[in-house]
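What follows is calculated from the coordinates using simple rules that are stated; it is not laboratory data. Since the structure is predicted, the reported quantities are computational estimates derived from the model, not experimental observations. Cβ: placed from backbone, ideal geometry, glycine included. Neighbour counts: every protein chain shown.
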Amino acid sequence: MTIFRRALRDRRRSTLWWVLGLLALNLLTLAFYPSIRGQQEFDDLVQQMPPALRDLFGMSEGISLSSAPGYLWARLFSSLLTVLLVIYAVVAGSACIGGSEEDGTLELILANPVTRRRVAAERLVAVSTLLALLGVVSVATLVLLAPPFHGLENISAGGLAAACAGAVTLAGFHLSLAFTAGAITGRRGPGLALGMVVAVGGFLAQGLLTAAGAPAWLRNLNPWFWYLESNLLAFGPSWEAWLPALLLSIPPAAVAIAIFERRDLR
């Protein structure tokens, strides 16, 4: 696992900054909660928003946005936290092979007695591990910081874990796409482009398809829909929130590794 450990070391500083950023995000989010906790006027204002906008940010019917499950789901898990994890995943995934090949460092690694498959697989596993770590650290900081703000009222441990798993696996799906494009083309740009286009398109489609009354089968093609369909903090764990995205992440990465083994380096 030499390649795996080296990949972790190479990204330790940037990951630390991400950890600090997520810590600051969680603290600011929790600190704002007491000002809207139990405020019916705030819920009335939300109900006046267009349905597409409410669906875009996972505002479920019957769940008060001034309650802890509604507030944290709308402010973190269906928006800022998940979006940040997706950005980290796309940037890191595109750099695994495509970025390293583009800046010339990949040739130095492959000059050693290691196979291309091992390099690609271990780097992908390393980045996936760091992504999962960011999700776990974010939830852990929520648990530690929430008590003074009553931020986890009526939120079960299972619901919180499911929300974390859903956000991480959704980001992992986009990581796989960015890794695939980078490994096939040998460039960082295509990985960034594919990951970001799919992420932005899926996020926007979540609300627009619902507002347009699209059939269920069409909405089910969007991984964001599986994750945002139900407020996991309020309704508890659901396998649809994480399993489809996890399974969809495997085929692109496997194809990319197979192609990377056979193509010429740029």
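Here are a few things to note about the model shown:
- Annotation: extensible slack from L20 through R5 equals 3.2 nm (criterion: 0.36 nm per residue apart, minus Cα-Cα distance).
- Amide H to amide H distances under 5 Å link H150 with no residue, where only residues 5 or more positions off or on other chains count and H is placed in the peptide plane.
- For the chain, calculated [θ]222 nm from helices alone, where every DSSP H run of n ≥ 4 adds -39500 (n - 2.57): -22500 deg cm²/dmol
- Short-range pairs are left out: with C-alpha atoms under 8 Å and at least six residues apart, the relative contact order of region 2-262 is 28 percent.
- Of W17, W242, W226, the one that fluctuates the most in a GNM where the chain has Cα springs shorter than 10 Å: W17
- When the Gaussian network model of the chain links Cα atoms closer than 10 Å, the mean-square fluctuations of A146, A183, A245 top out at A146.
- A simple spin-label model places the labels of H150 and T129 4.2 nm from each other, with each point 7 Å out along Cα-to-Cβ.
- Folded to 0 to 90 degrees: helix 188-211 orientation relative to the chain principal axis, Cα: 20 degrees
- Computed log₁₀ I(q)/I(0) - Debye formula, equal Cα scatterers, no solvent, region 179-266, q 0.12, 0.25 Å⁻¹: -0.49, -1.20
- For region 2-262, the dipole from Cβ point charges (+1 on Lys and Arg, -1 on Asp and Glu) about the Cα centre works out to 980 debye, to the nearest 20.
- Net +/- balance of residues flanking I3 in space, Cβ distance below 10 Å, scoring K and R +1, D and E -1: +3
- For the residues N112, N231, N220, a GNM of the chain with alpha-carbon springs under 10 Å puts the largest fluctuation on N112.
- Hull-based mean projected area of the chain, where the convex hull spans the alpha carbons, in square nanometres: 14.2 nm²
- Tensor-based shape of region 85-229 (alpha-carbon gyration tensor, a/c under 1.5 rounded, otherwise prolate or oblate): oblate
- Counting 0.36 nm for each residue step from R262 to A31 and taking away their Cα separation leaves a gain of 77.9 nm.
- Label point 7 Å beyond Cα of Q39 along Cβ direction - residues of region 74-90 with amide nitrogen under 18 Å: 74-76
- Sites L247 and M49 - FRET efficiency at Förster radius 22 Å, r taken between beta-carbons, to 0.05: 0.05
- Between helix 157-185 and the chain: long-axis angle, C-alpha atoms, 0 to 90°, nearest 10: 30 degrees
- Folded to 0 to 90 degrees: helix 243-262 orientation relative to the chain principal axis, Cα: 20 degrees
- Each Lys or Arg adds one and each Asp or Glu subtracts one; over the other residues with Cβ under 14 Å from the Cβ of L221, this totals -1.
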